[in-house]
Amino acid sequence: MVTGANKGIGKHIARLLAAEGLTVYVGSRDPGRGQRTVGELGDGARPLVLDVTDPEGLAQAAAQVDRLDVLVNNAGTSPSLAPPSDAGVEEFRRTYETNVFGVVAVTNAFLPALRRSPHPRIVNVSSGTASLTWSTNPNPQFTPGSGGAAAYRSSKAALNALTVLYAQTLAEDGFKVNALAPGMRATDLNPLAAAGGGDPAEAARGAVHLALLPDDGPTGGFFSWDGTPVPW
């Protein structure tokens, strides 16, 4: 199951997983958009109305899924590029509601279905801009100390912490839980990415690799779209 799968990277992840022979639940807040995406993806796709910020709707969605091998927490939001001094508390609340609390809500709701899988996998779509190491040292991706997109970047740093904690908690049950840094992609997540980002399908391939890890694969890691480890 892929959240936010009706567009952008999520749609490409769903398409690639379906091409691997998996039945893919296309998570989408909007039933119409979700159904259109399912129509595009073909027989391997199933619609699933799912708003990560709606507890009641989330429970209804989880009740429709008996077993789940892969969960990709892809749904995310980035309201602005404002630094923390300009963003305001409400922007942080809205961002964390989707990017952090929504991931916890979805993951916990679908854990019973994941536990029925012999090889459960969870992939959290994060961001390289959430790396505290890269944020405080020179690196090619962005200028250290710029402080922009504070709500988004800090929410993804929190998501990284959750990735480690879930990996530790679920390790004995055979789960592999990892975070992906997809790179800046041409999606509508933020204006800069839409204008000059790379191919979202390239990032999706990185997510699919983590979704289909063998039993001796890593867990509790943070990886770039090309498989390179990213420093926390």
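The values are calculated or read from the model by the stated rules, or taken from the named source; none is laboratory data. Values in this document were obtained by computation on a predicted structure and should not be read as measured data. Because the Cβ atoms are built from the backbone with ideal geometry, glycine has one as well, and the counts that use them run over all protein chains shown.
Miscellaneous remarks
- Single condition Val89 does not satisfy, out of (1) over 30 Å from Pro218 (Cβ atoms); (2) touching a helix residue (DSSP H, G or I) at 6+ places or on another chain (Cβ under 9 Å); (3) of a type in the set (A, V, I, L, M, F, W, C): (2)
- In this structure, Gly10 does not satisfy being of a type in the set (Gly, Ala, Ser) and surrounded by fewer than 16 Cβ atoms within 10 Å (Cβ to Cβ).
- All positions within the range 24-45 that are surrounded by 18 or more Cβ atoms within 10 Å (Cβ to Cβ) and either in contact with a Ser or Thr (Cβ under 6 Å, 6 or more places away or on another chain) or among the basic types (Lys, Arg) (or both): Val26, Gly27, Gly34
- Within the range 75-97, residues that are crowded, with 17+ Cβ neighbours inside 10 Å sit with their Cβ atoms under 9 Å from residues that are of a type in the set (Val, Ile, Thr) and modelled with pLDDT under 95, at 6+ positions apart or across chains, in these pairs: Thr95/Thr77.
- Residue match in the range 88-104 (condition: within 24 Å of Ser224 (Cα to Cα), out of contact with any Cys (no Cβ under 8 Å at 6 or more places or on another chain) and assigned to a loop (DSSP other than H, G, I, E, B)): no
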